[in-house]
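> Got a structure for you, written out below as structure tokens; questions coming shortly.
The values are calculated or read from the model by the stated rules, or taken from the named source; none is laboratory data. Bear in mind that the values here come from a model prediction, so they are computed numbers and not experimental data. FYI the Cβ positions are ideal-geometry reconstructions off the backbone, even for glycines, and counts take in every protein chain you see.
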Amino acid sequence: MKNRHLSRSKASVLLACLVVIATIGFSVAAYFGTFIPKYRGTHQGAAWQESLHGAEAGADYAMSLINGWCASSTNPNAYPWTANSWSYTNALYAANGERTLDGSQLPILGGPNNVRVLKLSVDVFTREASGTSPSYNPWFRIRSTARADLPGKFVSSDRRDADLRRMKLGAKNGSGASDPHVTRTVEVIARPRYTFRRAIVTVNDLTLGNSSNWRVDSFDSSDTSKSAPGTSAGGIYPGASSPEVQSNGSIASAKQNPAASPYGPLITGNGAIVKGFVQTAGGDDPSTPTTFENVSGTGGMDTTRISSDFNEEIATPTAPTWTSWTYQGAAPGAYVTGTKAIPTRYAITGNLGTFAVTAPAAGITGYIEIIVTGNLDTGNGGSAGITIPPNVYATIWVQGNIDFGNGNINANSSSSQVATHLTVNGVSTVASPTFSASGNANEILTLNAPNYNATLSGTVDTTGAFIVKNFSINGGGNGGFHYDETLGSTGTIAGWDVASNFEDTRTDL
Amino acid sequence: MRPLLTAKRAAGFTLAELLVSVAITGIILGILVLAGAGINRRLWATEKFLNEVGNENRMMDSVAMDLRRAVRVSFLNGSTSTPIKDTSGTYYSINSSNTLVISIPDYYASNTPNNSAGSSYKTARYTRAALNSAATYNSNGVSLLNGTVPWSDAQMTVGGKRVTRFAPISATSDELQVRYYTGARSSSDPTVCLFRAEYPPGSTTASYIREVAEGISDARSTTLLSISGRNGGSVLRLQSSFTPVFKRTGASSATTTAYVDVNIRNLRRD
């Protein structure tokens, strides 16, 4: 009797334990069955985000390459693709066809999800074919696909995750092993960024004219609807009151405030009219969105076009090193031109004053390059200045100061009167080289002199674009600064910008 | 006699013993029932929490994906459209009467849904294969232009800057409109969902509607999705929030909120 009673007690305890264990087991199973797929969805979402980072890193890598190459090559059709492990997908289409980066060179981001770029390709999307003398410079199309590992081959608890993230849960690798992953693809169109994209860019101070009529505006010498009739080289500035005048005369300063007091004026507007964007590198307090601490004297500006996001490198030009030249010595009496491939080259030892380039025969476009080891000083008076005929393109490198006095710089009746025809590079490396013009000077050119202090006095009228260290105007009168919008799509490529960015979410992968 | 009496006592229970054992058993069962109900309630709350987190992530991921490639972003209330740029901290909530409208590039050869492999719906308008071989792109007087999109079809000027044109100049527009809004799944199913609808250029009829999240609003809680803008509309902030229901009374006192800041990659056209 006693033994039988003890056996029943043990059996009851065992049964109770089994019931409890079973209950806990079912609870745990339900927990894992219900919640683990939901947690998995979060993990899958994280991998999906990481694959986008990978794709964008691939596109950034390609952008970085072409931006680096443009510093050493002015011809975008001669970039060193092959030497950098890029090869054509189909060699039949070599001019504009697709190049892909060798697999061994593809960026790897790593991390727990093993993020890496799967494919990086570049082809030519379009070529710039506008105007009377199109550059045919390419717009590159960059496609980058990257992947990230998924935590497993199991689906999440919500089918909508699969609709959005397009995961490859059943994928296998080359050896047949399970390889669940997710990929994303971005496509970036890169367009050339030309040196002169704004009317005035300064490294430091930018002080505008303080007369009520002084203005910065724009026109387009290659568009008859945005310019007045000029020469065979193109149209001229139509006058401030003309309906053909445009509002893309932008200005920018790269100057920055001290870190201890980051907000305050970096451009002195003096109430001058600016028909364009006004950009500084910081200086605007984001907590006061309707006040623009970065610019003073904004009375003549459209405040909706003031920003503090200027962030571009300003490259300093250098004079070329010639192994041969047309002429070397003191400034000669006459200047002739060559072809685009073989321009005439004048190495002027000492200063250069007023001069005129002889026009080539009608129907021929001439090119001339001049290095001046001293100053470029055209003096004053009615005949002072520089004459560049309409069928001539001139490039000058000046190692000294530049003074245009009150002359006509590419602005008299024998000149092209178009800024693309005269480029002056200030290449002095001394502490504070100067650029100056005064009186009623009329200058039509592009000036690339990031080391120069530019000072205009009187009613100087400028057409073209300037890149200088400091820019200031004493007076201004009825003068002004007129940006030629043609400059924004021609000339030397200073870098590459993103024209568009699109994530391709439909294409079969 | 004594042994017999002892044996009987050992074989049964007194009333007091029975009452005590029944009471203890009742207490244990009560605890188990209460614990089970509590666990069940927590499991339900946890599942709801995870569902809402999943909805929140998916909603923000989907909208952010479209915002990154957007060229216009606005809020549509009735017939009033408001571009979302500098909103000074004001958030616009997406719901049945307020629609978020995002214009993205009209990039593909077709916008008529077709999931078959290689369909025009899933193919870019300007594939490399087409550029290489189609006569349209290979009949130029200047051979260097062969194999490229014609300049006039490939670009346009926005705000003084040249940007990509995604459809030929002859097309109505090069923008595809994506709209996000909430509503019942159908006339027979009142489950509140967030939808993403695609409207081809010039069309007032959606070509494709996708359910992004379901059950975003019920008697217990609502998952909100709202948007604000700054830096001239180049940066948009998505905010999603809901109220967890871990308390016995239903809602807890605080909502949980997630934020995503999105840099728009393209120049805005609005």
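> Look at B:Val63 and say whether it is at the interface with chain A (Cβ under 10 Å from one of its Cβ atoms), closer than 30 Å to A:Gln44 by Cβ and assigned to a helix (DSSP H, G or I). Quick ask: steps written out before the conclusion?
Details: at the interface with chain A (Cβ under 10 Å from one of its Cβ atoms): no; closer than 30 Å to A:Gln44 by Cβ: yes; assigned to a helix (DSSP H, G or I): yes.
Answer is no for this residue.
> Now, a different point. Filtering the range B:178-204 down to residues that are under 19 Å from A:Asp163 (Cα atoms) and charged (D, E, K, R), which residue is nearest to the other protein chains (Cβ to nearest Cβ)?
If we take residues in the range B:178-204 being under 19 Å from A:Asp163 (Cα atoms) and charged (D, E, K, R), then B:Arg196 is nearest to the other protein chains (Cβ to nearest Cβ).
> When residues of the range B:143-177 are filtered for being more than 7 Å from every other protein chain (Cβ to nearest Cβ) and among the hydrophobic types (A, V, I, L, M, F, W, C), how many remain?
7
> Can you confirm whether A:Ser287 is within 14 Å of chain B (Cβ to nearest Cβ), among the small types (Gly, Ala, Ser) and without any contact (Cβ under 8 Å) to a residue 40 or more places away in the chain? Working first, answer last.
Numbers: within 14 Å of chain B (Cβ to nearest Cβ): yes; among the small types (Gly, Ala, Ser): yes; without any contact (Cβ under 8 Å) to a residue 40 or more places away in the chain: yes.
Yes; evaluated as a whole, the condition is true for this residue.
> Continuing with the same structure: So which residues in the range A:268-282 are outside any strand (DSSP E or B) and surrounded by fewer than 22 Cβ atoms within 10 Å (Cβ to Cβ)? If you could, list the steps in order and put the result at the bottom.
Restricting attention to the range A:268-282, the residues satisfying the condition of being outside any strand (DSSP E or B) are A:269-272, A:275-277, A:282.
Residues satisfying the conditions are A:Asn270, A:Gly271, A:Gly282.
> Could you grab the pairs with beta carbons closer than 8 Å, sequence gap of 6+ or different chains, first residue in the range B:218-232 and within 13 Å of chain A (Cβ to nearest Cβ), second one assigned to a strand (DSSP E or B) and among the β-branched types (Val, Ile, Thr)?
So the pair list comes out as B:Gly229/B:Val73; B:Gly229/B:Val235.
> Consider B:Ser81 against the criteria (1) exposed (fewer than 15 other Cβ atoms within 10 Å of the Cβ); (2) modelled with pLDDT under 90: it satisfies all of them except one. Which criterion is unmet?
(2)
> So, one more: Which members of the range A:57-83 meet the condition of being more than 23 Å from A:Ala494 (Cβ to Cβ) and surrounded by 12 or more Cβ atoms within 10 Å (Cβ to Cβ)?
The first filter runs over the range A:57-83 and keeps only residues more than 23 Å from A:Ala494 (Cβ to Cβ), leaving A:57-58, A:82.
Listed by number, the residues that qualify are A:Ala57, A:Gly58.
> Let me ask something else. If a residue counts only when it is exposed (fewer than 13 other Cβ atoms within 10 Å of the Cβ), under 21 Å from the mean Cα position of the chain (by Cα) and of a type outside the set (A, V, I, L, M, F, W, C), which strands (runs of 3 or more DSSP E) contained entirely in the range B:86-188 have at least 1 such residues? Working first, answer last.
Numbers: elements: B:98-105, B:155-158, B:161-164, B:175-184.
Those strands (runs of 3 or more DSSP E) do not exist here; none qualify.
> OK, next. Sort out for me the strands (runs of 3 or more DSSP E) sitting completely within the range A:18-117 that have 3 or more residues that are at the interface with chain B (Cβ under 10 Å from one of its Cβ atoms) and without any contact (Cβ under 8 Å) to a residue 24 or more places away in the chain.
Numbers: elements: A:86-88, A:99-101, A:108-110.
Strands (runs of 3 or more DSSP E) meeting the threshold: none at all.
> Show the residue pairs meeting these rules: Cβ distance below 9 Å; 6+ apart or different chains; first residue within the range B:253-270 and among the basic types (Lys, Arg); second residue surrounded by fewer than 15 Cβ atoms within 10 Å (Cβ to Cβ) and part of a loop (DSSP other than H, G, I, E, B).
Filtered contacts from the range B:253-270: B:Arg268/B:Gly159; B:Arg269/B:Gly159.
> In addition: Any residue in the range A:480-509 that is without any contact (Cβ under 8 Å) to a residue 12 or more places away in the chain sitting within a Cβ distance under 6 Å of a residue that is among the charged types (D, E, K, R)? List the pairs, counting only those 6 or more apart or interchain.
A:Arg506/B:Lys122; A:Asp508/B:Lys122
> If you don't mind, there's one more thing I want to ask. For the range B:239-250, indicate whether the set of residues that are within 14 Å of chain A (Cβ to nearest Cβ), under 19 Å from the mean Cα position of the chain (by Cα), surrounded by fewer than 16 Cβ atoms within 10 Å (Cβ to Cβ) and in a strand (DSSP E or B) is non-empty. Please lay out each step first, then the result.
Keep residues of the range B:239-250 that are within 14 Å of chain A (Cβ to nearest Cβ), which gives B:240.
Subset that is under 19 Å from the mean Cα position of the chain (by Cα): B:240.
Among the residues that remain, those that are also surrounded by fewer than 16 Cβ atoms within 10 Å (Cβ to Cβ) are: none.
So far as the range B:239-250 goes, no, none of its residues is within 14 Å of chain A (Cβ to nearest Cβ), under 19 Å from the mean Cα position of the chain (by Cα), surrounded by fewer than 16 Cβ atoms within 10 Å (Cβ to Cβ) and in a strand (DSSP E or B).
> Return a yes/no flag: does the range B:51-64 have any residue that is in contact with a helix residue (DSSP H, G or I) (Cβ under 6 Å, 6 or more places away or on another chain), closer than 30 Å to B:Leu236 by Cα, polar (S, T, N, Q) and surrounded by 11 or more Cβ atoms within 10 Å (Cβ to Cβ).
For the range B:51-64, residues in contact with a helix residue (DSSP H, G or I) (Cβ under 6 Å, 6 or more places away or on another chain), closer than 30 Å to B:Leu236 by Cα, polar (S, T, N, Q) and surrounded by 11 or more Cβ atoms within 10 Å (Cβ to Cβ): present.
> So, restricting to strands (runs of 3 or more DSSP E) that lie completely within the range A:410-509, which ones have at least 3 residues that are more than 14 Å from chain B (Cβ to nearest Cβ)?
Details: elements: A:422-426, A:434-437, A:442-458, A:461-475, A:480-484, A:493-504.
By residue number, A:422-426, A:434-437, A:442-458, A:461-475, A:480-484.
> Here's something else I'd like to know. Quick check: anything in the range A:176-188 surrounded by 17 or more Cβ atoms within 10 Å (Cβ to Cβ), out of contact with any helix residue (DSSP H, G or I) (no Cβ under 7 Å at 6 or more places or on another chain), aliphatic (A, V, I, L, M) and within 14 Å of another protein chain (Cβ to nearest Cβ)?
no
> Could you check how many residues of the range A:121-147 are within 14 Å of another protein chain (Cβ to nearest Cβ), of a type outside the set (Asp, Glu) and not in a loop (DSSP other than H, G, I, E, B)?
Counting residues in the range A:121-147 that are within 14 Å of another protein chain (Cβ to nearest Cβ), of a type outside the set (Asp, Glu) and not in a loop (DSSP other than H, G, I, E, B) gives 14.
> Are any residues in the range A:191-232 among the small types (Gly, Ala, Ser), under 16 Å from A:Ser489 (Cα atoms) and either buried (at least 24 other Cβ atoms within 10 Å of the Cβ) or in contact with a Cys (Cβ under 6 Å, 6 or more places away or on another chain) (or both), and if so, which ones? Please lay out each step first, then the result.
Quick first cut of the range A:191-232, residues among the small types (Gly, Ala, Ser) only: A:199, A:209, A:211-212, A:218, A:221-222, A:225, A:227-228, A:230, A:232.
From what is left, the residues that are under 16 Å from A:Ser489 (Cα atoms) are A:199, A:218, A:221-222.
Across the range A:191-232, the qualifying residues are A:Ala199, A:Ser218, A:Ser221.
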